[in-house]
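Structure record follows, encoded as structure tokens.
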């Protein structure tokens, strides 16, 4: 019950006031506004009026003067019966038409043989429109024609009485739409089916209300726009309408508002909504079984496990009218349990179902009537719980997020990082912390305040230097590992080409001897400087920062020299899952031919030939598991050779050492992939983490993925507190915005840019919208505080989602294919193309990869600290996003 405001006179009477007493009451009462804000205050009010003789007005008035001109609002609806009907008959009729009386009292002049009394109803919203208040009173007077015919003044004051007849401590409410529905029901019963709409037409004409095309009063209950969904619902406000909502002032609306559309004599006598084509039922009759299977309340209704309350039945009815055969099913179930639902209740709901269908009632929110709303993982209503609309994301109603201040988030991150550093073990300490929570700042401060020696591994050379510069500003000595990639433009082209060749073919041990030889023999100055920097690094005994790639190649002995090894960002996705090698079948056949040539018969070549042969004779299998072995290469590096030359008899374009070590392969068919020119195999280049303590800090890490990768008993996971963004994410999920989707909507990227006015866009690399794109956004900070459009759902070719879990030895099906499913993630239910089972490991890896890319792209704006906006066009939900609709051209996208 909301706060109810009334005017209550401070003086009680034992008999009906007369003469000057009435004048004194009138002068006082307009200034005597009272707020009834709890059950006890309402009870005190009811007994002061009904038993202690205090006069009241259900309305409040501006300026303290009681008259219609000064009317502000009223929430109590009062009917005055001055004889001619017994209270028991009124009470029975109110019950019959589901109009619960909150309290009633005898007036001063009531007698045993001539009952005089008043009944009071509570509206669930304050009525702020004077005309609306009168219309509701007249509607009640249609149901109770025995009431005082002159009781139409909304400023009227009512004398008290000496006896409270009934008081309902539950304080039940009526709503504007329920009053008109009950009036229609009463007229149907009283005037018979052939004539009741004629009377409704007269009522509508008398009070200036529009009629629907079905001849019913044009009164609706609609949803307000809210921050949580960010989109307008159902009808729009029209000038000639009476709106009834919760708040007297301000912009904080309730979930619903009531609208009485008025006939202004100009517009057609139909509502804006009804001019649109009538939509068919959203759910076919085949959905009935699914509805009853998923909803606990529907299951109890169907089984007769208990008697459902009126609000539960009514909430179900507004949902089931949108299902073919739903009305018949509802009525049939009620008839099967006459011990719960007698003939009167069955008749009432037969009317409700027909009326609600004709009025095109929207499905009631589960939160408004279901007792399981706090435990059930449900959408806004029953229908959307079972089957959300395509192109939408249905918020799980009881999903909540807890937010903390940025200071609390920073302190929590620091505590968890310190705890991980102090731990005496060799585990993987995984710390999940929001983007821009201050990860780098935290470990830099720890470097400055402790005597521990830190090794920091970051994804890119650019981020390596960003942190180096920040360390310099704090006076922290931080050695940066030298990188050939950073001087590649200075290295002679033929030398750099050969360095890349050695890397690509897995001959990493030959890179250093080669560059040393080129520096000495050919006097390449940049390589000489690189070797000098390398020497300084090897002699350095302080803090070091390097890249993920170099970190993975460091020896356990070198790593053990550091007190804390911190990996910044998710090394699994950035450096393990992405480190793929692909070999076409034509090249495999060439490898086999060379490996079996008479002049090449080393043990390694024999094992290589055997392994290749098993792949070539794979039959129909696509997931291949073969033993690995170490390739022995005794050839010496004697300079920059042609990368097409064979090495030890094997085609040099292939990373043979990695191929030999690898144990898991996926066979890709060109006939099943659009951009694949020929059949090939693909595998992840083998990796091995050292037996030391690792600390990984990232916003996109996933506990299950880490346990799969490092071992369940090897992971200690820390989930840091989160804060509300200072900026905002607006998400537009109507289209997936995959590559094929974008290609299918010509000009959509330009349209989004023009519509938003944002300069920056992150999407797929192929569209050339900037130097930042999916797969290349991690760690970049130059868009901090900028408005950004992020466009796309970064799907990969399906084998990508199988390759890592298969390589990790997880049980996956080689026949698994992506299909569109109704899924739940991040507090939303939505349709998404993914793998079958929610518990399926493939779906887990799929969602992790998609979400990581999107979070990294969105994170470039640094929304946690910057008041800027990211527009995300994707059908995969991101945390803290406000779901909205984007209009493409003249139509909504989707």
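Taken together, the values in this text are just the output of simple stated rules run on the coordinates, not laboratory data. These numbers were taken from a predicted model, which means no experiment stands behind them. Cβ coordinates were reconstructed from backbone atoms using ideal geometry, including for glycine residues, and neighbour counts include every protein chain displayed.
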request  = Quickly work out the residue 375-to-residue 339 label distance, labels modelled 7 Å from Cα along the C-beta direction, and quote it in nm with one decimal.
outcome  = 2.4
Beta bridge orientation in region 728-892: antiparallel %, DSSP, nearest 5 = 40
remark   = Cα-based Rg then Dmax for region 56-133, in Å, read 14.5, 42
Counting DSSP beta bridges with both ends in the chain, the antiparallel % (nearest 5) = 60
ask   = Modelled label-to-label distance, residue 691 and residue 707, 7 Å Cα→beta-carbon offset: nm?
value = 2.4
query = What FRET efficiency do you get for residue 529 and residue 504 if R0 is 22 Å and r is their Cβ-Cβ distance, rounded to the nearest 0.05?
reply = 0.35
inquiry  = Using 0.36 nm times the number of residues separating residue 840 and residue 740, minus their current alpha carbon distance, what extension gain do you get?
reply    = 33.4 nm
query = Helix 493-504 sits at what angle to the longest principal axis of the chain, using alpha carbons and giving 0 to 90 degrees rounded to 10?
reply = 70
request  = State the extension gain, in nm to one decimal, for the chain segment bounded by residue 465 and residue 37, taking 0.36 nm per residue of separation less the distance between their alpha-carbons.
outcome  = 148.0 nm
task = Only helical DSSP H runs with n ≥ 4 go in: add -39500 (n - 2.57) per run for the chain, normalise by residue count and round the 222 nm mean residue ellipticity to 500 deg cm²/dmol.
result = -10000 deg cm²/dmol
inquiry  = I'd like the FRET efficiency for residue 27 and residue 189, computed as 1/(1 + (r/R0)^6) with the beta carbon distance as r and R0 of 60 Å, rounded to 0.05.
reply    = 0.85
Extension gain from residue 264 to residue 521, taking 0.36 nm per residue of separation minus the Cα-Cα distance = 82.9 nm
query = Using the Cα gyration tensor of region 28-78, with a ≥ b ≥ c the square roots of its eigenvalues, what is the shape: rounded (a/c below 1.5), prolate (a/b larger than b/c) or oblate (neither)?
reply = prolate
inquiry  = Give the separation of the Cα centroids, region 595-619 to region 800-858, in Å.
reply    = 36
message = Using alpha carbons only, how many angstrom separate the centre of region 298-327 from the centre of region 164-208?
response = 23
Which of 517, 390, 66 has the fewest Cβ neighbours within 10 Å, and the rest in rising order = 390, 517, 66
request  = Answer rounded, prolate or oblate for region 67-208, using the Cα gyration tensor with square roots of eigenvalues a ≥ b ≥ c: rounded when a/c is under 1.5, else prolate when a/b is larger than b/c, else oblate.
outcome  = oblate
task = State, in angstrom, two size descriptors of region 289-382 derived from its alpha carbons: Rg to one decimal place and Dmax to the nearest whole number.
result = 12.4, 35
ask   = What distance in nm separates the simple spin-label points at residue 821 and residue 16, each placed 7 Å from Cα in the Cβ direction?
value = 7.4
key: Efficiency of FRET between residue 719 and residue 68 - r from beta-carbon atoms, R0 60 angstrom, step 0.05   = 0.50
query = Kirkwood hydrodynamic radius (Cα pairs, Å) of region 1-111?
reply = 15.3
inquiry  = Let me make sure I get this right: for region 378-467, a, b and c are the square roots of the gyration tensor eigenvalues over alpha carbons, sorted descending. Under 1.5 in a/c it's rounded, otherwise prolate if a/b > b/c, else oblate. Which is it?
reply    = prolate
inquiry  = So the label point goes 7 Å from the Cα of residue 307 along Cα→C-beta, right? Which residues of region 78-99 then have their backbone N under 20 Å from it?
reply    = 91-99
request  = Measure nothing fancy, just the Cα-based angle from helix 406-422's long axis to the longest principal axis of the chain, in degrees from 0 to 90, nearest 10.
outcome  = 40
task = Round to a whole angstrom and tell me the spacing of the C-alpha centers of region 513-550 and region 1-60.
result = 90
remark   = So the angle from the long Cα axis of helix 310-320 to the longest Cα principal axis of the chain, reported in degrees to the nearest 10, equals 60
inquiry  = As a footprinting exposure proxy, order 450, 60, 596 by other Cβ within 10 Å, with the fewest listed first.
reply    = 450, 596, 60
ask   = If you wrap a convex hull around the Cα atoms of region 728-892, how much volume per residue is inside, in Å³?
value = 124
request  = Calculate the tail of P(r) for region 407-531: the fraction of all Cα-Cα distances greater than 20 Å, expressed in %.
outcome  = 59
